[in-house]
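Participant: Have a look at the structure that comes next, please.
The values are calculated or read from the model by the stated rules, or taken from the named source; none is laboratory data. What you see is a predicted model; the values in this text were computed from it and never measured. So basically every Cβ, Gly included, is an ideal-geometry build from the backbone, and we count neighbours across all protein chains shown. Side chains are part of the model used for accessible areas, which takes the heavy atoms of the whole protein and leaves out ligands, DNA and RNA. Shrake-Rupley method; radii C 1.70, N 1.55, O 1.52, S 1.80 Å.
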Amino acid sequence: SLGGGSARGHYFHQDLLVARRVFTNNPVSHYDVGSRIDGFVAHVAAFRQIDVIDIRPLPVKLVNIRFLQANMMDPIPESLVGSTDSLSCLHALEHFGLGRYGDPIDFDGFLKGYDALHRMLKRQGTLYLSVPIGPQRIEFNAHRVFSVRFLTDLFSKHYTVEHFSLVDDEGNLHEDIPMPQDQVDISFGCHYGCGIFELKKL
């Protein structure tokens, strides 16, 4: 344990890492879907405007944060199609369709959400996506866990993987690591890790 608090775990590492990448890449606009307001969104809002979409309401107005309440399993409005060159969805997609946050039960909810994210991005835009990784399963009604092989197969039709980082089962970050097939096939040895993908839309 560190003096001043804990500096480990999925949210701590992903929120700082992706906020730093958004700062470095300096997109024209940045949208976020479902990530933590008091973590990642707050980090980004410290240095730029961020548009936030969530199924849950945001009852307070905050500097640099524009908010839209929406269910991303529904068809997205035309105004959002191709609306941004930078998009994040951190530790959120695995919840879609399981009802934990007031969303309707839908077995394909995460795929509908994934499709909505893809439609929002401009061509060559960047998607920062993090989800739990390990043996593929649903832990109802908490979340899904995805195998890295399933994810890379899913991404291959829509994106190139520009950077991959992970938080292991002990809560430690491994930043910008290679993805050899033997490690992909065993989800890098994780049972409940966090895969952090920086993806470029084809």
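Participant: Counting pairwise Cα distances across region 67-145, what percent come out greater than 18 angstrom?
Facilitator: Considering region 67-145, 42 percent of its Cα-Cα pairs are separated by more than 18 Å.
Participant: Tell me the per residue accessible area of the chain using a 1.4 Å probe; a whole number in Å² is fine.
Facilitator: In whole numbers, the chain has 48 Å² accessible per residue.
Participant: Could you please state how large a percent of the accessible area of the chain is carbon and sulfur, counting protein chains only and using a 1.4 Å probe?
Facilitator: Its accessible area is 55 percent carbon and sulfur atoms.
Participant: Please list, in order along region 139-152, the HN-Hα scalar couplings obtained from phi with the Karplus expression 6.51 cos²θ - 1.76 cosθ + 1.60 (θ = phi - 60°), rounded to whole Hz, x for Gly and Pro.
Facilitator: 10, 6, 9, 6, 5, 9, 10, 10, 6, 5, 4, 4, 5, 5
Participant: Loop only by DSSP, 11 or fewer other Cβ within 10 Å of the Cβ. Give me the chymotrypsin sites (Phe, Trp or Tyr not before Pro) in region 101-133 that pass, ordered by residue number.
Facilitator: Filter output for region 101-133: Phe107.
Participant: Further, regarding this structure: Under 17 Å between alpha carbons, and skipping anything fewer than 8 positions from Lys157 in its own chain: which lysines qualify?
Facilitator: The reachable lysines, counting only those whose Cα sits under 17 Å from Lys157, are Lys112, Lys122, Lys200, Lys201.
Participant: Taking θ = phi - 60°, what integer Hz values does the Karplus form 6.51 cos²θ - 1.76 cosθ + 1.60 yield along region 113-128, in sequence order, with x for Gly and Pro?
Facilitator: Each residue of region 113-128 in turn: x, 4, 5, 5, 4, 4, 5, 5, 7, 5, 4, 6, x, 10, 10, 9 Hz.
Participant: Please state the charge dipole magnitude for the chain, taken about the Cα centre, from unit charges on C-beta atoms (+1 on K and R, -1 on D and E), reported in debye and rounded to the nearest 20.
Facilitator: The dipole of the chain has a size of about 540 debye.
Participant: What is the Å³ per residue value for the convex hull set by the Cα atoms of region 101-143?
Facilitator: Residue-normalised Cα hull volume stands at 105 Å³.
Participant: Here's another thing I want to ask about it. Among Pro180, Pro27, Pro75, which one moves the most in a GNM of the chain with springs linking Cα atoms closer than 10 Å?
Facilitator: Pro180
Participant: Around Val52, which amide H atoms from residues at least 5 apart in sequence, or from another chain, sit under 5 Å from its own amide H, with H modelled in the peptide plane?
Facilitator: Asp32, Arg66, Phe67, Leu68
Participant: Based on a Kirkwood Rh over C-alpha pairs, give the Stokes-Einstein translational diffusion coefficient of region 1-115 at 10 °C and viscosity 1.306 mPa s in µm²/s.
Facilitator: In µm²/s, the coefficient is 105.
Participant: So I have [x] 17.1; [y] 19.2; [z] 18.3, and one of them is Kirkwood radius over Cα pairs in Å calculated from this model. Which one is it?
Facilitator: Of the labelled values, this structure produces [x].
Participant: Ignoring everything but the protein chains, give the 1.4 Å probe accessible area of Arg149 in square angstrom, nearest 10.
Facilitator: Per-residue accessible area (Arg149): approximately 70 Å².
Participant: When the Karplus curve 6.51 cos²θ - 1.76 cosθ + 1.60 is applied with θ = phi - 60°, which whole-Hz ³J(HN,Hα) does each residue of region 22-30 get, with x for Gly and Pro?
Facilitator: 5, 4, 5, 7, 6, x, 4, 9, 9
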